[in-house]
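Encoded as structure tokens, the structure appears first; notes follow it.
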Amino acid sequence: MLLAVDVGNSTISVGVFDEKKNLRFLGAINTDSRKTSDQICIDFMNIFALYHFDYGAITGSILCSVVPPLNFMMEKALTRLLGRPPMVVGPGVKTGLNIRLTVQSEMGADIVADSVAALEKFQPPIITIDMGTATVISVISEWRTYEGGLLLPGVNVSLEALSRRAAQLPDISLQYPKSLIGKTTVDCMRSGIVYGTAGMLDGIIDRIREEFPGQEVSVVATGGNAPVIVKYTRNHIVYDKYLLMEGLWAIYQKNQ
């Protein structure tokens with residue numbers, strides 16, 4: 001059994017794979033960089049209890065994090081809980097990716113995992129879109145080469161900024177809009193953020209496709225906000241809820 005942990009800016013995703021790459025469960029807890037290793041252990045134990053899973057059956061773990069202040073405590077917690085340190089996605093870990101960035105260490109561990117999983121499922125060139133706290137658009141070309149990408153504010157970040165900077169606009173949640181043209185303030189905000197983000201993705205995807213004339217470009221999206229947005233894009237985008245987790249599984253196998 002493999003425990004895969006993805007520490008994001010908003011939530012920590014916790015998944016367990018069996019030997020046949022079946023994801024037994026996928027849970028989530030809030031990201032809080034103030035927690036001690038003991039508190040993190042309790043969070044994990046509660047997740048295991050919730051899904052009726054015996055963590056004694058886990059034989060290995062892999063950690064992916066974009067929250068550096070939590071890394072030490074997270075590694076300490078996993079080592080204490082499982083009796084062995086986790087594999088940490090970062091420098092020195094085999095991924096099979098050729099990274100063409102000016103500073104390779106700046107590439108987020110979550111984007112590495114997304115890219116590895118995308119290459120397992122699609123033929124390059126590939127566009128991956130990870131829609132979490134930030135929206136990260138990545139481009140993978142032939143020969144398993146990560147070319148780079150674009151980094152944008154996440155959907156919820158944009159909504160929060162709109163509400164905070166405009167006195168008459170309320171705080172709202174991300175939901176499917178009733179129609180393109182809103183009839184109330186809330187409807188207008190939802191329509192604007194959803195259709196606006198979808199239109200932005202369409203425009204960027206079209207521009208990236210121009211970089212690969214004559215080639216079929218695959219597009220895959222993941223992350224908590226992706227299901228709402230992908231429904232309204234004109235380009236065909238495959239939504240894969242488990243893309244990052246499957247990438248962690250693949251990375252772990254490459255390093256055994």
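Here are some notes:
- In this structure, the residue pairs whose Cα-Cα separation is over 32 Å, taken from LYS121/LYS231; LYS21/LYS178; LYS94/LYS241, are LYS21/LYS178.
- The length gained by stretching the chain between ARG165 and LEU26 to full extension, at 0.36 nm per residue less their Cα-Cα distance, is 46.5 nm.
- Cleavage-rule hits, chymotrypsin sites (Phe, Trp or Tyr not before Pro), region 94-168, DSSP coil, Cβ neighbours within 10 Å at most 13: TRP143
- 23 Å Cα-Cα reach of LYS35 towards lysines, excluding residues that sit fewer than 8 places from it in its own chain: LYS76
- Protein accessible area in the chain, 1.4 Å probe - carbon and sulfur %: 51
- Length released on extending from ASP187 to GLU106, taking residue separation times 0.36 nm less the Cα-Cα span: 25.3 nm
- When each of the peptides 48-58, 13-23, 165-175 is scored by how many other beta carbons lie within 10 Å of its residues on average, the order from highest to lowest is 13-23, 48-58, 165-175.
- Modelled label reach - ALA57, point 7 Å along Cα→Cβ, region 1-33 residues with backbone N closer than 11 Å: 1-2, 17-19, 24-25
- Mean residue ellipticity at 222 nm, helices only, the chain: -12000 deg cm²/dmol; runs of at least 4 DSSP H residues each add -39,500 (n - 2.57), and the sum is divided by the number of residues.
- Just so you know, the Cα atoms of region 125-256 work out to an Rg and Dmax of 16.6, 57 Å.
- Angstrom value of the Kirkwood radius, inverse mean 1/r, which spans all Cα pairs in region 4-108: 14.6
- Restricting region 206-256 to trypsin sites (Lys or Arg not before Pro) in coil, as DSSP defines it, with at most 15 other Cβ within 10 Å: LYS231, ARG234, LYS241
- Accessible area (Å², per residue) of the chain, counting only protein heavy atoms and a probe of 1.4 Å: 52
- Protection proxy ranking, highest mean first, for peptides 183-195, 25-37: 183-195, 25-37, where packing is the per-residue count of other beta-carbon atoms within 10 Å, averaged.
- Note on ARG209/MET1: beta-carbon distance plugged into 1/(1 + (r/R0)^6) with R0 of 35 Å gives a FRET efficiency of 0.30.
- FRET efficiency, 1/(1 + (r/R0)^6) with R0 35 Å, evaluated for GLU216 and GLN175 via beta carbons: 0.60
- Overall, the anisotropy analysis places region 77-146 in the prolate class: the square-rooted eigenvalues a ≥ b ≥ c of its C-alpha gyration tensor yield a/c not less than 1.5, with a/b exceeding b/c.
- Placing unit charges on the Cβ atoms only, positive for Lys and Arg and negative for Asp and Glu, gives the chain a dipole magnitude near 280 debye about its Cα centre.
- Sites matching GluC sites (Glu not before Pro) across region 190-224 that sit in DSSP coil, with at most 11 neighbouring C-beta atoms within 10 Å: GLU210, GLU216
The values are calculated or read from the model by the stated rules, or taken from the named source; none is laboratory data. Note that this is a predicted model, so its numbers are computed, not measured. Here the Cβ is made from the backbone with ideal geometry for all residues, glycine too, and neighbour counts use every protein chain on show. Heads up: the accessible areas ignore ligands, DNA and RNA and are worked out on the full protein's heavy atoms, side chains in. Shrake-Rupley method; radii C 1.70, N 1.55, O 1.52, S 1.80 Å.
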